[in-house]
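Derivation of every value follows stated rules applied to the coordinates shown; laboratory data play no part. Every value quoted in this text rests on a predicted model; they were computed, and no experiment measured them. Cβ atoms come from the backbone with ideal geometry, glycine included; neighbour counts cover every protein chain shown.
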Amino acid sequence: MSDASSSYYFLDEARAGKAGLPSFVHEGTATGDVRAARADFPALHQRVNGHPLAWFDNGATTQKPRVVLEAMTRFYERDNSNVHRGAHTLAARATDAYEDARATVARLLGASSPQEIVFVRGTTEGVNLLANTLGRSRVGAGDEIVLTTLEHHANIVPWQLLAQSVGARLRPVPVDDSGQVQLDAYAALLTERTKIVALSHVSNALGTVLPVDSMIAMAKARGISVVVDGAQAVAHLPVDVTALGADFYVFSGHKIFGPTGIGAVYGRRDLLAELPPWQGGGSMIRDVTFEHTTFSGPPARFEAGTPSIGDAVGLGAALRYVLALGLPAIAAREDRLARLLTDVLSDIPRVRLIGTAAHKVAVASFVVEGMRTDDIGRVLDEHGIAVRSGHHCAQPALRRFGVESSVRASLAFYNTEDEIHRLGAVLRRMMRTDDVKHWGATVKKGDLSSSA
Ligand code: PMP
């Protein structure tokens, strides 16, 4: 394995005058002016259905800055090789690039070593990995796994499959009317039967930021392992797994401006070392005979087969970009956007916001009395505004608020005030029609063309 602190890629880019940094750094704009970085995202600068695209579906996936696309193209044009094997120059380059990306993930999360980072396909695969390794070694008949009502299905179903196969059960922590978890109820659920706590850092359906620091501390005081689903947190808040005391932290690259097909599991070094393998195959073994196999240490033990090398390179570029922009600056910008979004939506008749916790990221989940959520999504799309309507893979969270689906606008730092006003204008225009049922059935493309 190459030196994990290798900066091969970084140096190479620096020589090319790019260094994977946001464009505003080169332009000499003030650091922290994250608005200028919008220029770095080619996909944002297009028209959809005749209108400038307003991308409010960041919770589903984010757009990619040019440096990510360039890093991946460069990798495939020059360095493409399998990793960790083959004694030739391209194998060494590809391995360096892959391990450099691992080191960058460690830096993003505040891990103490790149060896604490396992590459996976995304959050879903990461949680499945943990359910099948940590879960299978810790959870037995009669045991309990505590999670929250806010969880994404990716942080419910793998634990449920485990629970069903070993005779354990899931205990969800309730949330209050604002969409925040109830800490007293959480405390009461932690018992000697609790073997694992699995919780999201940020709710994808409502945007609630959970008090993960207190929740981790409470679990650890009882010796319970904690898995944090950071899919909706990493692109919006500074995360420091060491300060949080998280045992495991999982995220997807595509939600933080990287490519699909790559994500990571952080696991504290001593805990990862105890876990059995999950998937078997090449690259995760020390020695194989037909009678017996000995396994590599972490992280290789959990990375069977050829990994998504090019995607890892893209993720590394995305994370360097985010780190250069600065998560505190991103969070401050998004906080301003979130307040405007809430103000604009709260002012529109018949709009009901779901999830009004004091601590939220820039996500607005809402329903409109008398209108179907998919119709709202469709009309907004006709105006170039991309939102998500549906259950957001978090059915228990929405059902807590008595709905099966909502419209979700989920923002990133590159969204603008103007886009939020456009969203408000189209919704207001929809409200002004006398016959709200009109929107449920007969609205046609172009009906609102004067509205945005
Ligand atoms: N957890 C949360 C909180 C999410 O928002 C998502 C994606 N919507 C996931 C898990 C699953 O992520 P992926 O589909 O990238 O595996």
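An ellipsoid equivalent to the range 160-269, defined through the eigenvalues of its Cα gyration tensor, has semi-axes of 23, 17, 15 Å when rounded to whole angstrom and sorted largest first.
Rounded to two decimals, what is Rg over Rh for the chain when you use alpha-carbon atoms and the Kirkwood radius? We get a ratio of 0.99 for the chain.
Taking the Cα atoms only, what angle lies between the long axis of helix 89-109 and the longest principal axis of the chain, rounded to 10 degrees? Here the helix axis deviates by roughly 60 degrees. Seen against the Cα atoms of the chain and their longest principal axis, helix 373-382 is set at about 80 degrees. The range 332-375 and the range 276-320 have Cα centres lying 42 Å from one another. What is the distance in Å between the Cα centres of the range 29-93 and the range 128-153? Value for the Cα centre distance between the two parts: 34 Å. Each residue in L340, L325 was given a count of other beta-carbon atoms within 10 angstrom of its own, and listing them fewest first yields L340, L325. Under a 5 Å amide H cut-off, with hydrogens placed 1.01 Å from N, R171 pairs with I145, V146, L147 among residues at least 5 apart or on other chains.
Compared with the dominant Cα axis of the chain, that is its longest principal axis, helix 417-432 is turned about 50°.
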